[in-house]
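Here the structure comes first, spelled out in structure tokens, and everything after it is commentary.
The values are calculated or read from the model by the stated rules, or taken from the named source; none is laboratory data. Everything quoted here is computed from the prediction, not taken from an experiment. Positions of Cβ are backbone-derived with ideal geometry, glycine not excepted, and every protein chain shown enters the neighbour counts. Just the protein is used for accessible areas: all its heavy atoms, side chains included, with ligands, DNA and RNA removed. Shrake-Rupley method; radii C 1.70, N 1.55, O 1.52, S 1.80 Å.
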Amino acid sequence: MNYCCSEALTWLRQAMVSMKNTAKFWTKPAADLISKSSVSTCSKKWNLQNLSRPLQSENHEELWLLHSAIDSTEKKMTQSNGKYILILKCKDLQMIELEFNGGDDCLDVASSIENLSHVDDISLKYPFFYRAGFEPLEDGWQAFLPENEYTRFKDCSEEWRLSYVNKDYKVCASYPHAVIVPKSIDDETVIKASQFRQNGRFPVLSYYHRQTKAVMMRCSQPLTGMNNKRCKEDERMVNSVMGRGNKGYIIDTRSPSAAKSAQNKGGGYEPEVYYPQWRRIHQSVDRRQAFHDSLIKLMESSLDNTSSMDKWLSKLESSNWLSHVKDILTCACTVAQCIDSEGASVLVHGSEGFDTTLQVTSLVQLILDHDCRTINGFEALVEREWLQGGHPFADRCSKSAFAITKQRSESPIFLLFLDCVWQIWQQFPCSFEFNEEFLVLLFEHTYSSQFGTFLCKMRRKEKECKLSSRTVSLWTYLARPEVLQKYLNPMYDPNPRVIWPSVAPQSLVLWSGLYQRSIIDQSKQKEAWQEVSKIREYDKELRSKVTKLRR
């Protein structure tokens, strides 16, 4: 089968205006050259949702792939037929092989791809040139505004309020324009408290548990330093949450030694003498720098289909990926237990407050709140905790598992969160409205997308780039019924109860549907799910008929 791989030409022309002196490009001749080359691909699943679009004719298939989806390239020559192979290693963990007759052609195309896959100017990114080929039913940029999400907390509106202290993003660049803070705390106190927290990330309400009336807040570490500095405004803000005689927990996602080391560098933790109603617990989760190395080792083992069973299992264990999953889930379960079993309020933070902190607070809500297990509820959770919560997607997702040059800011934080969600999903397969493909879709769009949802690293940058008016939101695309249908779980049976995931070694497994989809044919699983869907639909029809007969 022949493929022609190219970017949208409108985008290329725009990119060439500012980059013509520094890069070679896939001009039309180059695209024609590739179309004449035979291509083999490990991936069988290429469509618009996963950032590529096949256009099929009688004996030709054209594959559209964003340059930003390329993580790295590898060139080699086959000994058997003297052909030159260009391997495109994609950020979504899939690989494409292009075969060339000549080495110069292979090098030219590789050079073009490598240059075009590293466009630093955000205004030249494809989402700014993408035009939706569908009629939007709702504006995804307006779907989960803080004002709308505040209605979720109406039961605690007497104690909490919506503050616009950050409306110009001057107090905290990574927070949204509106945040939920204690009603007894005025904006002036909030501003002073923000100066005591790293990157200005002062404590905000993340979740309210209706059953126990306990709350979960998140923030960054306090800047106590070696001199044990204090901030009365921060103390007042944190302590105002506690009623007389109540106790709460500060869950620090760092180890005691890491917290102490951070204190020596100007960070630190809350001294219990100034926060007397709070007990600090260190529930250690590894730092983000270790996650990227772990992902590289994970993919090396996942794509290894030649090693013996013992060696393969040893390589998987040495990656420490499932250990990271276990630590994150354990921390989330600890927080959820404090809230649900003890009725205690919790404050969660690590160092910066927008990596492991968000992993934990998001999973806590997934465990406690059944609404977060619906498609709309999960989208709201991602928007509220990750996008509005200030996770720097542009930095963390700049590279993936195949990156040759490693930057300090990249880390698969969000992928680890999705893996944790999948672990819970496969333990409670009937409690989630969405299927596995929905989680894979979100993963793919965080690394490369035609939509602007995950394009920036903070809300202030999003406003500066005018994403809401110049790009299409992923939530807009998913709001269409014909699209949503693909991601519905046919086994879904709404479960309002709290679900407690197991973190036992035998309960946590490799997500083969993502990490091994390049080497394992998923068609049989898809056929099985389609059959399950048909059976469920038939069951609904029979139940409807029985109901009518009883009338």
With every protein chain kept in place and a 1.4 Å probe, the chain has an accessible area per residue in Å² of 45
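Arrange the peptides 232-241, 256-265, 91-100 so that the one whose residues have, on average, the most other Cβ atoms within 10 Å appears first. Present the calculation step by step, with values, prior to reporting the outcome.
Working: 232-241: 19.7, 256-265: 14.7, 91-100: 21.5.
The packing order, highest mean first, is 91-100, 232-241, 256-265.
Mind running the shape call on the range 333-398? Use the C-alpha gyration tensor, a ≥ b ≥ c as the square roots of the eigenvalues: rounded below 1.5 for a/c, prolate if a/b tops b/c, oblate otherwise. Write out the running numbers ahead of the final one.
Details: a/c = 2.87, a/b = 1.33, b/c = 2.17.
Oblate is the answer for the range 333-398, as a/c is 1.5 or above yet b/c matches or exceeds a/b.
Within 10 Å, count the other beta carbons around each residue, average over each peptide in 365-373, 200-208, 118-126, 479-487, and list them highest first.
Values: 365-373: 22.3, 200-208: 24.2, 118-126: 15.9, 479-487: 13.1.
The peptides rank, most packed first, as 200-208, 365-373, 118-126, 479-487.
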For the chain, what % of the accessible area comes from carbon and sulfur atoms, probe 1.4 Å? 49
Of Val325, Met95, Leu441, which is farthest on the positive side of the dipole of the chain, counting Cα position, with +1 on Lys and Arg Cβ, -1 on Asp and Glu Cβ, and the Cα centre as origin? Val325
Size of the dipole of the range 201-340 about the Cα centre, Lys and Arg at +1 and Asp and Glu at -1 on the beta carbon, nothing else charged, in debye to 20? 640
In debye, nearest 20, what is the charge dipole magnitude of the range 373-524 about its Cα centre with +1 on Lys and Arg Cβ and -1 on Asp and Glu Cβ, if you could check? 600
With axes computed from alpha carbons, what is the tilt in degrees of helix 103-116 against the longest principal axis of the chain, rounded to the nearest 10 within 0 to 90? 30
Gap in Å between the Cα centre of the range 444-494 and the Cα centre of the range 390-421? 18
Provide the percentage of antiparallel DSSP beta bridges, counting only those with both residues in the chain; round to the nearest 5. 65
Please give me, ordered by residue number, the trypsin sites (Lys or Arg not before Pro) of the range 495-550 that lie in loop per DSSP and have at most 15 other Cβ atoms within 10 Å. Arg497
Post the alpha-carbon centroid distance, the range 171-227 to the range 509-551, in whole angstrom. 43
Tell me the angle of helix 413-427 to the major Cα principal axis of the chain, expressed in degrees between 0 and 90 and rounded to the nearest ten. 90
Would you work out which of Cys456, Leu508, Gln522 lies farthest towards the positive end of the dipole of the range 438-551, given +1 charges on the beta-carbon of Lys and Arg and -1 on that of Asp and Glu, about the Cα centre? Cys456
So how tilted is helix 523-550 from the main axis of the chain? Cα-based, degrees 0 to 90, rounded to 10. 60
Simple spin-label model, 7 Å along Cα-to-Cβ: Ser318 to Lys463 in nm? 4.9
When the scattering of the range 391-494 is computed by the Debye formula from its Cα atoms alone, each counted once and equally, what is log10 I(q)/I(0) at q = 0.10, 0.11, 0.12 Å⁻¹? -0.35, -0.42, -0.50
Rank His209, Ser294, Met77 by how far each Cα sits towards the positive end of the charge dipole of the chain (+1 on Lys, Arg Cβ; -1 on Asp, Glu Cβ) and give me just the farthest. His209
Three-way shape label, the range 79-149, alpha-carbon gyration tensor, a/c 1.5: prolate
